[in-house]
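First the structure, in the form of structure tokens, and then the observations on it.
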Amino acid sequence: MRLVRNLIGTPEGAIGLGILVLLALVALFAPVLSPGDPLRIAARPLLAPFTDPSFPLGTDRLGRDVLAGIIHGTRTSLAVGIAAALAAIAIGLCVGLTAGFAGGLVDEALMRVVDAFQIVPSFLLALAFVSVIGASVPVVVIAIALGAWADPARLTRAQVLSIRERDYVASARVIGTHPVEIALREILPNALPPVLALSAIIVAAAILTEAALSFLGLGDPNVVTWGSMIAEGRNVLRSSPSLSIFPGIALVVTVVAVYLFSEGLTKTIGRGRRIA
Amino acid sequence: MTLLEINNLSKHFRSGGRDVTALDDVSLTLDPGQTLGLAGASGSGKSTLARIVMRLLPPDGGSIRFAGEDWLALSGKDLRRRRAKIQMVFQDVLGAFNPRATVASVLDDPLRIHEIVPKSDRPRKIAELLDRVGLQANLADRSIRDVSGGQRQRIAIARAIATDPALIVLDEAVSALDVSIRGKVLELLVELQRERDIAYLFVSHDLAVLRAVSHRITVMDGGRLVETGPARQVIDNPQSTAARALVSAVPRLRIQTPQGHSYEP
Ligand SMILES: Nc1ncnc2c1ncn2[C@@H]1O[C@H](COP(=O)(O)OP(=O)(O)OP(=O)(O)O)[C@@H](O)[C@H]1O
Ligand SMILES: [Mg+2]
């Protein structure tokens, strides 16, 4: 709770958190805000924006409501982004903690795997994975997580290695604390904050990757996503640029909000550290 | 009977292809209730010796006997249980505590791990420990970050005596403290030693500090012990160049009492 209060204390954190809360509400209440299937044909095709009050952002080539698409697309973008980031952080934490604590051969082996994943561009990895297995939301989530877990793994390991050498860990050993208790109570809680700050950036990257996959037609065809809307609008980019611009704006606002949030988070954690 | 007996201890570090001899054939003994001051310039190997005695670092060779037992042969649960008898106070008054700790949790840990008193009695015991090191019991609920450096070092001392140890290793334990409170903390240490018959291995580069607490002083230079003797003798009549350099680093160094708790910077 104190973290949230400090976070709001920074302008970046406050703005980022504000937008994200708004987006989360939109995602949560999408069926209320815009009932029905957003993929259904609702009106005459290519209705210009700001002309019909019941379709404020107009319709696309097939007559689908753009606003409904954006509202429901929020769901997909946030859900895929957050799920992929959670998966990446979870894998990264497990690998990083194991490598940091085990050391020796286990550490070497795990870090070579991390190297391998870091060398392959994460988007190519996601692209290959989805095109081999087939597009559906869970597959997209796994594909994005596969390309994103290496950074948190490396950071977690570095944190564990550095904290393991601190005097307070030595002090815990000196009074006879069990190694498992040292790992869980002394090292883990102090190793986590920077990794969590990284998670916001992973969410932003995951949202972008998901949009790019959808843009290339590799997203789940049964759900609306901002990426697929942009791709759809591309065909009529000259005559109706708004079809690409509105989902584009939604994407930019979301990613910027996540970045601001992470910036605020990093600052807050950094400040906590300095007091510490 | 000797409490601590170190024989032919050696330790090398290999860092960046360079071989550093941190300890070279170090032997020393320490009797119960006595203070051995370990002096030496920066990088002479004092902390390395302290960390090996604390079993935080394995030596390359040599032996350590503590209370008649082979201290280096202990491991796992046996070692953890015996650790109650050797405690340590660190130099860094901040870094030696988990930033999330409270004063109470710092003192609760040793009481819990070594089952010193039943759980229900621990708050009373914590208050007693705080009182013993000259702190108010109402400090217990504070975060360890919200107390002063001097108070923190007193808390570190309280934590060290919680398990009723026979030996406390102090690595530059007062070096980070303000000169005005240094003397008070040294006095507290001498008092605790008299009261509980604790032996100290007191590491410092400052002979003025060692003079105030040590019965004997040993001087380390480049990983070797170059001179050992009664505190007064080493300070009044240093034989080795390393000892002479340390003496001349403290301008007004005159011994007043053999273990006078008069600390004059
Ligand atoms: N983990 C390590 N890796 C490599 N070299 C080390 C390591 N720890 C200590 N050394 C080296 O061993 C030597 C002795 O270091 P040590 O810390 O014991 O000295 P010290 O007497 O405590 O010095 P100070 O008064 O500065 O604390 C130094 O040359 C140091 O650089
Ligand atoms: Mg040292």
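Of all residues in segment B:118-137 being within 14 Å of B:I161 (Cα to Cα) and without any contact (Cβ under 8 Å) to a residue 12 or more places away in the chain, which is most open to solvent (accessible area, probe 1.4 Å)? Among those residues, the one meeting the criterion is B:D131.
For B:V20, the test of being within 16 Å of ligand 2 (Cβ to nearest atom), under 18 Å from the mean Cα position of the chain (by Cα) and either hydrophobic (A, V, I, L, M, F, W, C) or away from chain A (no Cβ under 14 Å) (or both) is failed.
Listed residues A:L57, A:L62, A:L3, A:L39; which is open to solvent by 40 Å² or more (accessible area, probe 1.4 Å), in contact (Cβ under 8 Å) with a residue 60 or more places away in the chain and either in contact with a strand residue (DSSP E or B) (Cβ under 7 Å, 6 or more places away or on another chain) or part of a loop (DSSP other than H, G, I, E, B) (or both)? Break it down stepwise before answering.
Numbers: A:L57 fails: open to solvent by 40 Å² or more (accessible area, probe 1.4 Å); A:L62 fails: in contact (Cβ under 8 Å) with a residue 60 or more places away in the chain; A:L3 fails: either in contact with a strand residue (DSSP E or B) (Cβ under 7 Å, 6 or more places away or on another chain) or part of a loop (DSSP other than H, G, I, E, B) (or both).
Result: A:L39 is the single residue among A:L57, A:L62, A:L3, A:L39 that is open to solvent by 40 Å² or more (accessible area, probe 1.4 Å), in contact (Cβ under 8 Å) with a residue 60 or more places away in the chain and either in contact with a strand residue (DSSP E or B) (Cβ under 7 Å, 6 or more places away or on another chain) or part of a loop (DSSP other than H, G, I, E, B) (or both).
Beta carbons closer than 8 Å, at least 6 apart along the sequence or on distinct chains, never pair a first residue in segment A:158-179 that is within 22 Å of B:A156 (Cβ to Cβ) and at the interface with another protein chain (Cβ under 7 Å from one of its Cβ atoms) with a second that is in a helix (DSSP H, G or I) and of a type in the set (F, W, Y). Pairing each residue of segment B:32-48 that is within 14 Å of B:F13 (Cβ to Cβ) with any residue that is near ligand 2 (Cβ under 9 Å from one of its atoms) and assigned to a strand (DSSP E or B), provided the two are 6+ apart or on different chains, yields C-beta distances under 8 Å for B:S47/B:D171; B:S47/B:V203. Of these, A:I187, A:I201, which one is part of a helix (DSSP H, G or I), in contact (Cβ under 8 Å) with a residue 24 or more places away in the chain and open to solvent by 40 Å² or more (accessible area, probe 1.4 Å)? Exactly one of A:I187, A:I201 is part of a helix (DSSP H, G or I), in contact (Cβ under 8 Å) with a residue 24 or more places away in the chain and open to solvent by 40 Å² or more (accessible area, probe 1.4 Å), namely A:I201.
Quick check: anything in segment B:119-142 farther than 22 Å from B:A67 by Cα, away from ligand 2 (no atom under 16 Å from the Cβ) and under 14 Å from the mean Cα position of the chain (by Cα)? Lay out the reasoning, then the answer.
The first filter runs over segment B:119-142 and keeps only residues farther than 22 Å from B:A67 by Cα, leaving B:119-142.
Cutting the leftovers down to away from ligand 2 (no atom under 16 Å from the Cβ) gives us B:119-142.
Adding the requirement that they be under 14 Å from the mean Cα position of the chain (by Cα) leaves none.
No, because not a single residue in segment B:119-142 is farther than 22 Å from B:A67 by Cα, away from ligand 2 (no atom under 16 Å from the Cβ) and under 14 Å from the mean Cα position of the chain (by Cα).
Among the candidates A:L198, A:L216, A:L184, A:L161, the residue that is touching a Leu at 6+ places or on another chain (Cβ under 7 Å) and on the phi < 0 side of the Ramachandran plot is uniquely A:L198. Number of residues in segment B:61-112 that are in contact with a helix residue (DSSP H, G or I) (Cβ under 9 Å, 6 or more places away or on another chain), more than 8 Å from chain A (Cβ to nearest Cβ) and assigned to a helix (DSSP H, G or I): the value is 8. Only one of the listed residues (B:L3, B:L38, B:L56, B:L49) is away from ligand 1 (no atom under 15 Å from the Cβ), open to solvent by less than 60 Å² (accessible area, probe 1.4 Å) and of a type outside the set (V, I, T). That residue is B:L3. Restricting attention to segment B:151-198, the residues that are open to solvent by less than 10 Å² (accessible area, probe 1.4 Å), part of a helix (DSSP H, G or I) and small (G, A, S) total 2.
Results for (1) at pLDDT 95 or above; (2) touching a strand residue (DSSP E or B) at 6+ places or on another chain (Cβ under 8 Å); (3) within 21 Å of A:E186 (Cα to Cα), shown as yes or no for each residue.
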| site | (1), (2), (3) |
| --- | --- |
| B:L111 | yes, no, yes |
| B:E128 | yes, no, no |
| B:R132 | yes, no, no |
| B:A156 | yes, yes, yes |
| B:V169 | yes, yes, no |
| B:V174 | no, no, no |
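The values are calculated or read from the model by the stated rules, or taken from the named source; none is laboratory data. Since this is a predicted model, take the numbers as computed values, not measurements. Reconstructed Cβ throughout: ideal geometry from the backbone, glycine too, with neighbour counts over all protein chains shown. These area figures cover heavy atoms from the full protein model, side chains too; ligands, DNA and RNA do not enter into them. Shrake-Rupley method; radii C 1.70, N 1.55, O 1.52, S 1.80 Å.
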